[in-house]
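The values are calculated or read from the model by the stated rules, or taken from the named source; none is laboratory data. Everything numeric here is computed off the predicted structure, so don't read it as measured data. We place every Cβ from the backbone using ideal geometry, glycine too, and count neighbours over all the protein chains shown. Areas reflect the complete protein model, heavy atoms only, side chains present, ligands, DNA and RNA absent. Shrake-Rupley method; radii C 1.70, N 1.55, O 1.52, S 1.80 Å.
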Amino acid sequence: MEKIGEQFANLNIVKRSSGTTESTYLLGIDTSKTVQAEKGNLVAVLCSNGSVRIYDKERLSVLREFSGNPGLLNGVKFANSCDSIYSSCTDGTVKCWDARLASEKPVQLFKGYPSNIFISFDVNCNDHVICAGTEKVDDDALLVFWDARVNSQDSSTAKDPLGAYSETHSDDVTQVCFHPSNPNMVVSGSTDGLVNVFDISVDNEEDALVTTCNSVSSVSYIGWSGKDYKQIYCMTHDEGFCWWDLNHLNTDEPITCLNIQDVREVIDVKGGILDYLIGGLYHEKMNKLFVVGGTNTGIIHIMSCTTSGLSHVTSLQGGHSATVRSFCWNMQDDSLLTGGEDAQLLLWKPGAIEKTFTKKDSMKIASSVYQRVRVHSSDSYKKKKKQ
């Protein structure tokens, strides 16, 4: 634990984002996964004004901005094999831009069913499939799927869905997260409290459902963890935390590793307080799951997770001045990007000192986590239910 504490405690701010004309909360962060040393790595940030900003990672300067007008964008994700950037939109589409082009027009558009309002999404690890979650409208809360592969003949037209799951959630689908290495496995979370694991290689929804876990509260964040990523975890909007081991599905062992109704009530952050949870981070090298939270004054708390509970590892101070809403960890160089309600994007590195920009080697980004917002609408959606 001491070694782990040292690694995170040594994180210092190396760069702060340059100011923009509009102050917005920074709600989600992802980084480009391609290595282009001559061009440098890119950072995509979801903003509370419903747009996505592209930053240069080392300078943290804004390069361009993409908008979902007239809809609002929810979530942000780079493709795994190129610099395409995806975001779901309340206008019933998932949009894809080339992050290195200034053009406002998406290079691909994925169209949902009538009156779909997308509030969550993810792209699988081989960039072949997109899955987006909808708000509940009438009695329907859907997971909608598309083929994300580029076809040169139809790149200019909006793509229709491959299909949808409609029976497994009864309220807004707030989170969608594909497995990091298995392109067929996806987990979804909802305000109905359910966390569902699917194998989408199976033909129908009922058979594709691998298991359902119940967080007993509205799901705000989900992720994969453990060796070969055979565990899942979630956080809830009332600061609860649940952790399940899928290795135990066909055994007599309990699937639940940990279930904490309110982390704020049980965690000791060494003289401080915990106001909220931000997300989770599975550290592959350490084979350890960490939970990240914070205070309303901008302090970031990092907690390690075991079946015995959560324990405080370290706190990062002196960066943000308000609630921290998002972060992105880079496993290659142990750096951290954080974004908050103070409109600041910060880059933390081990042993670094804050300074003006100097050219550094770009590095491959391996892991990313992001926070999504929920947008509500009264639009109705009618479709034929399965009998």
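Taking the conditions exactly as written (surrounded by fewer than 22 Cβ atoms within 10 Å (Cβ to Cβ), of a type outside the set (S, T, N, Q) and assigned to a strand (DSSP E or B)), does C257 satisfy them or not?
The answer is yes for C257.
Quickly run through region 130-145 and pick out the residues that are in contact with a strand residue (DSSP E or B) (Cβ under 6 Å, 6 or more places away or on another chain) and surrounded by fewer than 24 Cβ atoms within 10 Å (Cβ to Cβ).
Answer for region 130-145, where residues must be in contact with a strand residue (DSSP E or B) (Cβ under 6 Å, 6 or more places away or on another chain) and surrounded by fewer than 24 Cβ atoms within 10 Å (Cβ to Cβ): just F145.
For A322, work out the one condition from (1) touching a Leu at 6+ places or on another chain (Cβ under 9 Å); (2) modelled with pLDDT of 90 or more; (3) open to solvent by less than 60 Å² (accessible area, probe 1.4 Å) it doesn't fulfil.
(1)
Scan G112, G133, G92 and give me the residue that is under 22 Å from I232 (Cβ atoms) and either within 21 Å of the chain's Cα centre (by Cα) or not polar (S, T, N, Q) (or both).
The match here is G133.
So, in region 190-204, exactly how many residues are surrounded by fewer than 18 Cβ atoms within 10 Å (Cβ to Cβ) and either in contact with a Phe, Trp or Tyr (Cβ under 7 Å, 6 or more places away or on another chain) or touching a residue at least 12 places away in the same chain (Cβ under 8 Å) (or both)?
2
State whether one or more residues within region 208-219 are under 17 Å from S181 (Cβ atoms), among the aliphatic types (A, V, I, L, M) and surrounded by fewer than 20 Cβ atoms within 10 Å (Cβ to Cβ).
The answer is yes, given that some residue of region 208-219 is under 17 Å from S181 (Cβ atoms), among the aliphatic types (A, V, I, L, M) and surrounded by fewer than 20 Cβ atoms within 10 Å (Cβ to Cβ).
Looking only at residues in region 220-231 that are under 16 Å from G279 (Cβ atoms) and either touching a helix residue (DSSP H, G or I) at 6+ places or on another chain (Cβ under 6 Å) or among the polar types (S, T, N, Q) (or both), which one is surrounded by the fewest Cβ atoms within 10 Å (Cβ to Cβ)?
Q231
Is it the case that region 94-116 has a residue that's β-branched (V, I, T) and over 27 Å from K57 (Cβ atoms)?
no
What is the residue count in region 64-83 for residues that are open to solvent by 10 Å² or more (accessible area, probe 1.4 Å) and modelled with pLDDT of 95 or more?
Total meeting the criteria: 1.
Any chance region 232-243 includes a residue that's of a type in the set (D, E), open to solvent by less than 40 Å² (accessible area, probe 1.4 Å) and either assigned to a strand (DSSP E or B) or farther than 15 Å from V195 by Cα (or both)?
Yes, because at least one residue in region 232-243 is of a type in the set (D, E), open to solvent by less than 40 Å² (accessible area, probe 1.4 Å) and either assigned to a strand (DSSP E or B) or farther than 15 Å from V195 by Cα (or both).
Give just the number: which of (1) touching a Lys or Arg at 6+ places or on another chain (Cβ under 8 Å); (2) open to solvent by 50 Å² or more (accessible area, probe 1.4 Å); (3) in contact (Cβ under 8 Å) with a residue 60 or more places away in the chain; (4) not small (G, A, S) does N247 not satisfy?
(3)
Could you give every pair whose Cβ atoms fall below 9 Å, whose first residue belongs to region 226-237 and is closer than 10 Å to G189 by Cβ, and whose second residue is among the charged types (D, E, K, R) and open to solvent by 90 Å² or more (accessible area, probe 1.4 Å), counting only separations of at least 6 or pairs across chains?
none
Out of all the residues in region 37-95, which are of a type in the set (V, I, T) and part of a loop (DSSP other than H, G, I, E, B)?
Correct list: T90 only.
Just to be sure before I move on: is H312 touching a residue at least 24 places away in the same chain (Cβ under 8 Å), over 20 Å from the mean Cα position of the chain (by Cα) and not in a loop (DSSP other than H, G, I, E, B) in the structure I sent?
It is true that H312 is touching a residue at least 24 places away in the same chain (Cβ under 8 Å), over 20 Å from the mean Cα position of the chain (by Cα) and not in a loop (DSSP other than H, G, I, E, B).
For G279, state whether it is open to solvent by less than 80 Å² (accessible area, probe 1.4 Å) and in a loop (DSSP other than H, G, I, E, B).
For G279, the condition - open to solvent by less than 80 Å² (accessible area, probe 1.4 Å) and in a loop (DSSP other than H, G, I, E, B) - is not met.
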